[in-house]
Every structure is written in structure tokens, then in C-alpha cells.
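Q: Mind looking over this structure? Questions follow.
The values are calculated or read from the model by the stated rules, or taken from the named source; none is laboratory data. Being a predicted model, the structure only gives us computed values, none of them experimental. In this analysis, Cβ positions are derived from the backbone assuming ideal geometry, glycine residues included, and neighbour counts consider all displayed protein chains.
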Amino acid sequence: MASMRDIKRRKSSIQSTGQITKAMKLVSTVKLQKAKGRAEESKPYFSSLYQVISSMLSRSAPDVKEKYLSHNPGGKKAIIVISSNRGLAGGYNNNIVKLVTGSGIAAEDAWIYAVGRKGGDALSRKGYEIKEDLSEIINAPLYSDAVDLSEKLMEDYEKGSISEIYVAYTVFKNTVSHIPTLMKLLPTDNFSETDESQALTLMNFEPEPEEALAMIMPKYLSGEIYGAIIEAVASENGARMQAMDSATSNAEDMIAKLELQYNRARQSSITQEITEIISGANAINQ
């Protein structure tokens, strides 16, 4: 059995750790409320934007569809990997890494655009090429950051150096449910899946469809990227809040067990002292 001094030291150490995890949980809770509000407010816009692009492409000329719905020959597969810059978030970052490595996209065929240091570092160790490190974006996401990234991707996509564009992020469903998702942004067959009633609706383009889509597609790409970042930030704080809550509960359980061990050790020490005193008294009286 450990000594009373060792148990007391360990208990003090766990209490300090528990105070830290409790404070981190409170910070994550506050950040989660803010990020959750942003995610819920922005989601309708990005959903509507996707529907508009889908509707426009379904009515476009074959050569326009070919550009955005067909795969470019050759080129790398660009994957925007959204993770966090810090750990202590349970399996949040590991789930994103598993999602990418299990996607069927070979490491030699992929370019990783790392929005978050943890995901980028893990994929780099697994042999993936980090085309660009954008870790600072996740600290304070701005729509302008998504615009800059989408412009680079669209330029490489039109040149043919990129054949496909994906975003790997965590969908924020609710406080306790976060779903790792790999979304294909370009090209995608989902654009051709429109409702029949919508397909019959006439649509006039001003300017021409090619010019209109050339202006709108970058907005679609930047909008979807920004929406993914916003949801990922909410998911990260939710995951960290849960992890810190579990850590705090575990610390409290360990402290309770250590208190029990301490009391047993103390009782054993007192019993031993009483026995020694009685034995000494008996020896004197004899």
C-alpha cells in the first residue's frame, strides 16, 4: 500500500489537473455558444447557394456542364483538411485524419491544404504532401480567407493542375454529435440531381450562362469552404468541452478513490501506533 505522503501528493496533483480541465471546459463552453450561433446563422445561406448553382448547371449548355461536372484528366486531388491547432479535444483531429486516409485517395495523388496544424502534421507523417499551411485561419476565420483560398484552387483547377477539390471537415449536428465529412466540391455529379419541377422552370441568364457561372462558381467554392470552417470550429469547441468534462469527472473519481485509500492508510497507521503503545505498556508492567 502506498504511504500517506504519496497518496496526499498524488491527490494534490490530480486536484490541480482537475481545476485546469474544469476551467478549459468553461472556456470551451463560451466559445461553443458563439461558434454555434455563427454556424446556425450561416447554414441557410450556404445551402441556398448550393441549390442555386445546382439549378443553373442543370440548365446550362453541355460545354459548360463539361467544365464543372466532368473530371479533368491528370492533376492532383486537392483536399482542404480542417482540424484544430490545439489538442485536448478527444478524437476530433484523429477522426479527420482517419477520414482522409480512408477515403481511397492515395497520398501521392493528393495535395493537402491544411487549415489546422494537428491534421496537417498527422497527414504529413503519413506521407501526404502539404501544399499549403493555412493553420492561422482556424484561430479567427474570416470570409476573406476562404475567398483567397478558393481563388487559388479555381485557378489551378482551370489550369488542370488540380483535377478534383475536396473539403474534409466536421459537421456540427448538435453539442454532442459531430460528424466527420469528406465533401467533394468540384467536379460533382450532385449538381445534375435537381428536382423535375425545377428543371421545367425557365431561366434567363444575363450575361451569358458561361459568364454568369464564371462569376458565381468562385462564390460557391468560397462559400462552401467558409461554411465548412465555421461548422468545424463549432465542432472543435464541442468536442473539447466534452473531453474536458470527461477529464474533470475522471479526476473527481480518482480523488474520491485516493481519499478512501488515504483514510484506510491513516486508520492502519493509527491502529499500528495503538498496538505499539499497548505492547510497550505491557512490557513495562511485566
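Q: For segment 82-102, state whether one or more residues are in contact (Cβ under 8 Å) with a residue 12 or more places away in the chain, under 21 Å from Ala239 (Cβ atoms), of a type in the set (Gly, Ala, Ser) and assigned to a strand (DSSP E or B). Quick ask: steps written out before the conclusion?
A: The first filter runs over segment 82-102 and keeps only residues in contact (Cβ under 8 Å) with a residue 12 or more places away in the chain, leaving 82-101.
Keeping just the survivors that are under 21 Å from Ala239 (Cβ atoms) gives 82-101.
Subset that is of a type in the set (Gly, Ala, Ser): 83-84, 87, 89-91.
Still in the running and assigned to a strand (DSSP E or B): none.
Among the residues of segment 82-102, not one is in contact (Cβ under 8 Å) with a residue 12 or more places away in the chain, under 21 Å from Ala239 (Cβ atoms), of a type in the set (Gly, Ala, Ser) and assigned to a strand (DSSP E or B), which makes the answer no.
Q: Please name all residue pairs, on different chains or six or more residues apart, with Cβ atoms under 7 Å, provided the first residue is in segment 162-173 and is free of Cβ contacts under 8 Å to residues at least 40 places away in the same chain and the second residue is of a type outside the set (Asp, Glu).
A: Close Cβ pairs satisfying both conditions: Lys173/Ile179.
Q: Another question about this same structure. Please tell me if Gly87 is touching a Ser or Thr at 6+ places or on another chain (Cβ under 9 Å), at pLDDT below 90 and not polar (S, T, N, Q).
A: Details: touching a Ser or Thr at 6+ places or on another chain (Cβ under 9 Å): no; at pLDDT below 90: yes; not polar (S, T, N, Q): yes.
Judged against the criteria, Gly87 is not a match.
Q: Could I ask something else about it? Go through segment 193-234 and count every residue that is among the hydroxyl-bearing types (Ser, Thr, Tyr), modelled with pLDDT under 80 and in a helix (DSSP H, G or I).
A: Of the residues in segment 193-234, 1 are among the hydroxyl-bearing types (Ser, Thr, Tyr), modelled with pLDDT under 80 and in a helix (DSSP H, G or I).
Q: Of all residues in segment 14-32, count the ones that are among the polar types (S, T, N, Q) and loosely packed, with under 13 Cβ neighbours inside 10 Å. Don't jump to the end; show me each part of the working.
A: First pass over segment 14-32, keeping only residues among the polar types (S, T, N, Q): 15-17, 19, 21, 28-29.
Okay, now just the ones that are also loosely packed, with under 13 Cβ neighbours inside 10 Å, so 16, 19.
Number of matching residues: 2.
Q: Working carefully through the options Glu164, Glu136, Glu158, Glu129, find the one that is touching a helix residue (DSSP H, G or I) at 6+ places or on another chain (Cβ under 9 Å), within 22 Å of Ser28 (Cβ to Cβ) and among the charged types (D, E, K, R).
A: Answer to the check: Glu136.
Q: Exactly one condition in (1) surrounded by fewer than 20 Cβ atoms within 10 Å (Cβ to Cβ); (2) at pLDDT 90 or above is not met by Asn237; state its number.
A: The one condition Asn237 does not meet is (1).
Q: Going by the structure shown, is Ser150 under 16 Å from the mean Cα position of the chain (by Cα), within 20 Å of Tyr226 (Cα to Cα) and buried (at least 17 other Cβ atoms within 10 Å of the Cβ)?
A: Values: under 16 Å from the mean Cα position of the chain (by Cα): no; within 20 Å of Tyr226 (Cα to Cα): yes; buried (at least 17 other Cβ atoms within 10 Å of the Cβ): yes.
The answer is no for Ser150.
Q: Among the listed residues Ser144, Ser163, identify the single one that is of a type in the set (Gly, Ala, Ser) and more than 27 Å from Ala39 (Cα to Cα).
A: Among Ser144, Ser163, only Ser163 is of a type in the set (Gly, Ala, Ser) and more than 27 Å from Ala39 (Cα to Cα).
Q: Looking only at residues that are closer than 19 Å to Ala228 by Cβ and small (Gly, Ala, Ser) in segment 103-138, which one is surrounded by the fewest Cβ atoms within 10 Å (Cβ to Cβ)?
A: Ser103
Q: Which one of the conditions (1) under 29 Å from the mean Cα position of the chain (by Cα); (2) assigned to a helix (DSSP H, G or I); (3) surrounded by 17 or more Cβ atoms within 10 Å (Cβ to Cβ); (4) at pLDDT below 90 does Asn190 fail to meet, given that it meets all the rest?
A: Unmet for Asn190, out of (1) under 29 Å from the mean Cα position of the chain (by Cα); (2) assigned to a helix (DSSP H, G or I); (3) surrounded by 17 or more Cβ atoms within 10 Å (Cβ to Cβ); (4) at pLDDT below 90: (3).
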